[in-house]
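The values are calculated or read from the model by the stated rules, or taken from the named source; none is laboratory data. Computed from a predicted model, the values in this text were never measured in an experiment. In this analysis, Cβ positions are derived from the backbone assuming ideal geometry, glycine residues included, and neighbour counts consider all displayed protein chains.
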Amino acid sequence: MLRAFRVIFIQTYLDLFKIKGMLIILFTGVLGGIIFHLIFSEIGSSVAGTGFIMLKDGYICGMAVSGFIWMAGLMPGIMVSIFGSGLIAGENEEGTLSVIIARLPARKYVLAGKLTGMAAAVTVYSLSIILLTVSMTGIFIIGDIDIISALFSILPGLFLYLIVTVFSLTSFAALLTVTVRRIPAMIIMLIFLVFIYFAAPPIRNILFNLGLYDKMRLYHYDINYQLGNIFYYFVFTVTGKSILPHSQEVFSGITGIFAEAGKSFDKDLGASGISLMLHNYSNTAAAIIAFIFSSILMLILAFFVFNKKDVK
């Protein structure tokens, strides 16, 4: 039984590391991270009276936090959307699912093997993209080799954050791939990502300004806020690191953006126009438990539906 699971897991994992696809994913991930860094380094800044540039975005290892939103949030979500939507739906539409099921002792091994194989691949890709992007940014754009050692010190926290997010996204993909066709499943997931990362912050700002966000305690249901809360907890609380190492005063050699160490980031994110304080709203541990619990429920439902599903 474990052998059946292992075979599906390895096959799914290796299928996602074919040379052409791997190069496209890494190139897209690194390019996106650098673009996010450069955009938020320059657009999110204003000239201070001292002659320095005061940056509105926070920094982690010399990179704008928004770069990590792409590398540790959006990019993993896009990969899960593309890969996850076809795990079962794609095989069923191509008529190969019945052949796979016939070779295994139980259907659950098909879904379990495919989901874990994809989740492992997405996690490896995400960590690789973070390592490559931050290293390239630190060496070629910022010119601070110490950034690489700083990055390795926060990798445990980044890994834990990716485990939570990839597990949650994979569970959602599992439910979609066993209930709807491949293209609709992918579209639903992509719309969900766009809403969470792009639509939710301005909507939150409007509700916050109207006094509804606090009054109705909407932060409990704000996935964007909760993801940010978990990210900051894992990266800074778990690893005990500050958001801006004092040695990193030069943020971009290309755009010419400089800032005095310690003055470039407001710890409450008060300088950011589309963010709220990432603390004092809800318990981070409760948010992590909620994500894991809801993900488990989606997986249970996905396995139940898959066991009853007619296959071609």
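Some points to look at:
- Single condition V47 does not satisfy, out of (1) over 21 Å from D146 (Cβ atoms); (2) modelled with pLDDT of 70 or more: (2)
- Top-ranked residue in the stretch 92-114 [being of a type in the set (D, E, K, R) and over 16 Å from F303 (Cα atoms); ranked as surrounded by the most Cβ atoms within 10 Å (Cβ to Cβ)]: E93
- Meeting the requirement of 1 or more residues that are surrounded by fewer than 15 Cβ atoms within 10 Å (Cβ to Cβ) and touching a residue at least 60 places away in the same chain (Cβ under 8 Å), the helices (runs of 4 or more DSSP H) wholly within the stretch 139-237 are 146-177, 182-194, 200-209.
- Residue check, M71 touching a helix residue (DSSP H, G or I) at 6+ places or on another chain (Cβ under 8 Å), crowded, with 20+ Cβ neighbours inside 10 Å and modelled with pLDDT of 95 or more: no
- Whichever residue in the stretch 115-138 is at pLDDT below 90 and crowded, with 23+ Cβ neighbours inside 10 Å and, among such residues, is nearest to the chain's Cα centre (by Cα): V134
- Yes/no for V110 being under 15 Å from K309 (Cβ atoms) and either part of a helix (DSSP H, G or I) or in contact with a strand residue (DSSP E or B) (Cβ under 8 Å, 6 or more places away or on another chain) (or both): yes
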